[in-house]
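*Asks:* Here it is: the structure, laid out below.
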Amino acid sequence: MKELKATQLIAIIIACIVFCITGILGVYWTHSMNSAIINQQVSLLNELSHTQAAVLERKLSSAFTASKILAYEIEHHKGDSSWFPEYADKLLQSISDVDSLHLAPDGIISQFFPIEGNELAIGLDILSRDKYKEEGFYAIKKQQFVLVGPVELVQGGTAIIGRAPVFLYSGTQREVFWGFVSSVIYLDNLLASTQLQKLEERGYQYNLSRVNIGTEENLIIASSTKPLTEIQITAELITPSGEWNLTISKELDVQLEEREIIGYTVSITIAFLLAVALYIILIQPQRLRALVKAKTKELEELAYQDPLTSLPNRRYLQDTLPRVLYNNQHRKRISAFIYFDLDNFKHINDTIGHDIGDKVLVVVANRLSNLQKKSDLVIRLGGDEFGILLGNIKSNNEVEKQADQILESIRTSVRIDNSEYSLSTSLGIAMIPEHGYDLVTIMKNADMALYQAKLDGKNRYAFYNESMKINTYTQIQDEYDLSQAIQGNEFELYYQPQFNLHTDKIIAAEALIRWNHPEKGLVFPDDFIPLAETTGKIIELGYWILESSIAYLARRKKEGKPEILLHINLSSKQLSDPNFVTLVQDLLIQYDVSAKLVGFEITETLILEDVELAKQVLQIFKEMGICIAIDDFGTGYSSLAQLKNLPVTLLKIDRSFVMDLENDIDDRKIIEAIIAMAHKLNIQVLAEGIETREQWNMLASFHCNYGQGYYVSKAITADQFNLLPQINHDNL
C-alpha cells in the first residue's frame with residue numbers, strides 16, 4: 001500500500017512538473033507566434049506605405065512639372081498669356097495626372113483651363129485668402145514652387161494646388177513679380193490613383209498629411225474613416241515642396257487577443273492532458289503490460305491469417321511446416337505439396353476490377369477448404385497463389401485424385417452479382433520427402449512443376465522431376481546469355497533484298513537480326529526471339545534493331561548510295577508500348593532519315609491481339625510516311641475484308657503459297673485472288689520465298705508488285721548488301 005502511495009506521489013510530482021513546463025512552453029510559443037504576426041504585418045505595412053507614397057510622389061511631381069513649364073512660358077513671352085488656352089490643352093494631354101491649370105497675374109486668377117466648371121474661380125485673389133496667403137507670400141519671398149492644400153475650391157471640390165511664382169526679367173535690376181501659375185489635382189483623383197481606399201476596405205487605416213511651410217502647421221490631407229492604430233508605418237514623400245507623410249496601420253488587437261486566448265487555452269489543455277496521461281502511465285504499469293501482452297497475442301494471430309480469405313498465410317506455412325514435416329518423418333508418412341495459381345487471373349483484375357477479383361478469390365478459398373481433409377493444410381500464399389499440404393497420403397494416385405478434384409472444383413463457374421466467370425488453374429506437385437524436405441526446396445520444385453503445367457497448356461497438373469531442373473537451369477542460362485549479348489552488342493543485322501518484279505531493280509530490303517554467339521556461332525531469330533519475348537527483353541532488343549536499321553540508312557545516305565526502303569519487323573510488345581511512336585520520331589530526327597525510307601512489318605496474329613490499338617498506332621506511322629506491311633499474309637485467321645479498315649500499304653504473301661507455285665494450281669488461284677483483292681484496296685503486294693525464274697514470271701503475270709527470296713539473294717551482311725549488283729537473270 002505504501003509503495004502504491006509513494007508511486008502516486010511521485011507520479012503527481014512528475015505530472016505537475018510536466019504541466020508547468022508544457023504550459024510555459026505553450027505561453028512562450030503563443031507570444032512568439034504573435035510577435036511573428038506583428039513583424040510580418042510591419043513588414044507588409046512598410047512595403048504598402050512606400051509603394052503608395054511612390055504613387056503620390058509621381059502624381060505631385062506632375063503638378064510641379066506643369067507649373068514650372070507654364071512659368072517658363074510666361075517668362076519667355078514677357079508676361080503675355082494669349083497663348084495659354086491652346087498651350088494648356090496640349091500640356092494637360094501630355095501630363096495626364098494634372099486636372100486643370102490657371103494663371104493668376106498679381107495673384108488674381110484671370111485664366112483657367114479647362115474653363116468649363118471653373119468659371120467661379122475667375123477673379124479670385126489668391127493672396128487675400130487667410131488660410132493659404134502665408135504660403136503664397138512664402139513662395140514669392142523664396143521664389144520657389146509650393147504645394148497648397150487641401151483647398152476647398154469655390155467652384156466645388158477639394159484639390160491640391162501646385163503654385164509657382166513667376167518673375168519677369170529674372171536676375172536683372174528690372175526683375176518684377178508677375179504672378180502665379182498653378183496646377184490643380186483634385187484630391188479624389190489623387191487618392192484614386194493609389195490603393196488607399198481599397199486598403200481601407202480590407203481593414204487598413206491611413207493618414208496623408210503635410211507641414212504648412214509658412215506656419216509649420218501639420219495639415220491632414222486625407223485619412224481613413226477609422227483612426228490609426230498602434231501598429232503603423234510612416235513613409236516620407238519626396239515632394240518638390242514641403243514635408244509630406246503617408247502613414248498606414250492595421251488593426252490587429254482583436255486578432256492578437258483571440259490568438260492569445262486560443263494559445264493559452266490550447267497550451268493549458270495540452271499540458272493538463274499530457275500530465276494526466278503521464279500520471280496514468282506511471283501508476284498503471286501492470287495494466288499496460290497486460291494490455292501489451294494481449295495485443296501482442298492478437299497481432300501474432302493476425303500475422304498468421306490472410307485477411308481476405310481467412311486462410312493461413314505464407315508466414316504460417318513457414319513457421320508450421322518444419323514441425324509438420326518432422327512429425328511425418330518420425331511416423332514415416334508420405335506428404336505432398338501442391339502449388340498453384342489461377343490461370344489468367346490478372347485479366348479479371350485488369351478488365352473487371354479488383355473488387356470482383358477479391359470476391360473470386362474468396363469463393364476459390366471456400367471451395368479449397370471444402371476439399372480439405374483433416375491432415376491437409378490449405379494456404380493462401382499471396383495474390384492468386386495457393387498451396388495445399390497433403391499431410392498423410394499413401395501413393396501418387398491419391399495425389400492425382402486430389403489434384404483432379406481441385407481442377408474440377410476451380411473449373412465450376414463462379415457467379416458474382418448476376419455474372420458468371422469461368423476459371424481454371426494449373427498445379428505443380430512436389431512429393432515429400434522424395435522432392436525435398438525443407439520449405440525452400442519443396443516450394444522451388446513445386447514451382448518448376450507449375451511452370452511445366454502452364455507450358456503444357458494450363459488447366460492441368462504436373463509432378464516435379466529432375467528434367468524440369470535441367471530445363472530450368474538451361475532457361476536461366478539462356479536468359480543470362482541473352483542479357484550479356486545485349487550488353488556486349490553481340491547482335492548484327494542482315495539484309496535480304498526486295499525487288500520490283502517488273503523493273504528487275506532492287507528497291508528495298510528486310511532487316512533480319514542475327515546473334516553472333518561466342519560459343520554457338522551464328523544464331524537465327526527463331527532460336528532467341530521467343531526467349532526475348534517471354535523475358536521482356538524484346539523491347540530492348542527491338543529498340544536496338546530499330547536504331548541500327550535507321551543508322552544504316554543514314555550511313556547509306558552519307559556514302560551517297562541509292563535510297564532503299566528498309567522493312568523492320570515489330571513485336572506485339574513494341575506496338576503496345578506507349579512511348580514507341582515518340583521513340584521512332586526521335587530516331588528519325590536524330591539520324592536525319594526520311595520516314596518514307598522506313599517500313600514496319602507486322603503479322604496478322606499481332607494485329608488481331610488488339611485491332612483498335614493496332615489501327616490507331618499504324619495510322620500515325622502511315623501519316624508520317626512509313627510503309628506498313630502485313631507479313632506472312634494468308635497463314636493467320638484474318639482476311640482482306642477484315643484488313644480494309646487498317647492503314648496497310650503492303651501485303652507480303654507467305655512463302656508457303658509460293659514454294660510450289662509451278663505445280664499447285666490451288667496456290668496459284670489463292671495468290672491471284674489475294675493480289676486482285678489487295679489492288680482493289682490500293683494495297684501493293686510482295687511475294688516471299690521466290691527461288692526460281694518461273695516463279696518470278698508467274699507472279700509478274702499475276703501483277704504482283706514485288707518479290708523477295710533466294711532467287712536473288714538470301715539475307716546478307718550490310719557490306720555484302722552494299723556491293724550487291726543489279727539483277728541479271730542470266731547470272732542467276
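*Asks:* Subtract the Cα-Cα distance of Glu86 and Glu540 from 0.36 nm times their separation in residues, and report this length gain in nm to one decimal.
*Replies:* Gain on extension, Glu86 to Glu540, equals 155.2 nm.
*Asks:* Estimate the FRET efficiency between Val27 and Lys226 by the formula 1/(1 + (r/R0)^6), using the beta-carbon distance for r and 30 Å for R0, to the nearest 0.05.
*Replies:* After rounding to 0.05, the efficiency reads 0.45.
*Asks:* Give me the distance in nm between label points sitting 7 Å out from Cα along the Cα-to-Cβ direction at Arg58 and Gln143, one decimal.
*Replies:* In this crude label model, Arg58 to Gln143 measures out at 3.4 nm.
*Asks:* Please list Cys627, Cys16 from largest to smallest accessible area, probe radius 1.4 Å, with all protein chains kept in place.
*Replies:* Cys16, Cys627
*Asks:* Also: How big is D for the range 99-221, in µm² s⁻¹ as a whole number, if Stokes-Einstein is applied with the Kirkwood radius of its Cα pairs at 10 °C and 1.306 mPa s?
*Replies:* 101
*Asks:* State, to one decimal in nm, how far the label point of Asp125 lies from the label point of Gln484, with both points 7 Å from Cα in the Cβ direction.
*Replies:* According to this spin-label approximation, the distance is 11.7 nm.
*Asks:* For the peptides 334-340, 52-58, what is the packing order when you average, over each peptide's residues, the other Cβ atoms within 10 Å and list the highest mean first?
*Replies:* 334-340, 52-58
*Asks:* Non-local amide H neighbours of Glu510 (under 5 Å, H modeled in plane, Pro and chain starts lacking H): which ones?
*Replies:* Those lying under 5 Å, H to H, from Glu510 are Gln496, Gln498, His567.
*Asks:* Counting only the heavy atoms of the protein chains, how much of Tyr138 is accessible to a 1.4 Å probe, in Å² to the nearest 10?
*Replies:* 60
*Asks:* How many nm is it between the label spots at Thr441 and Tyr710, if each spot is 7 Å from the Cα in line with the beta carbon?
*Replies:* It is 5.2 nm.
*Asks:* I need the calculated FRET efficiency for the pair Leu583 and Lys458, taking r as the beta carbon distance and R₀ as 41 Å, to the nearest 0.05.
*Replies:* 0.75
*Asks:* By how many nm would the segment from Gln197 to Lys573 grow when fully extended, if each residue of separation counts as 0.36 nm and the alpha-carbon distance is taken off?
*Replies:* 128.7 nm
*Asks:* I would also like to ask the following. Would you kindly compute the Cα radius of gyration of the chain and its largest Cα-Cα separation (Dmax), both in Å?
*Replies:* Every Cα atom of the chain included, Rg and Dmax give 48.4, 140 Å.
*Asks:* Please give the length that would be gained between Ile10 and Ile37 if that part of the chain were fully extended, namely 0.36 nm times their separation in residues minus their C-alpha to C-alpha distance (nm, one decimal).
*Replies:* Length gained, Ile10 through Ile37: 5.7 nm.
*Asks:* Oh, and also: Please arrange Val364, Val211 by accessible surface area, largest first, computed with a 1.4 Å probe and ligands excluded.
*Replies:* Val211, Val364
*Asks:* Expressed in whole Å with the largest first, what are the equivalent ellipsoid semi-axes of the range 51-132 derived from the C-alpha gyration tensor as the square root of 5 times each eigenvalue?
*Replies:* 22, 17, 13
*Asks:* Using a 7 Å offset from Cα along Cα-Cβ at Tyr264, what residues in the range 31-74 end up with backbone N under 12 Å from the label point?
*Replies:* 31
The values are calculated or read from the model by the stated rules, or taken from the named source; none is laboratory data. None of these values were measured; they are calculated from a predicted model. When we count neighbours, we look across all protein chains shown, and the Cβ atoms used for this are built from the backbone with ideal geometry, even at glycine. Heads up: the accessible areas ignore ligands, DNA and RNA and are worked out on the full protein's heavy atoms, side chains in. Shrake-Rupley method; radii C 1.70, N 1.55, O 1.52, S 1.80 Å.
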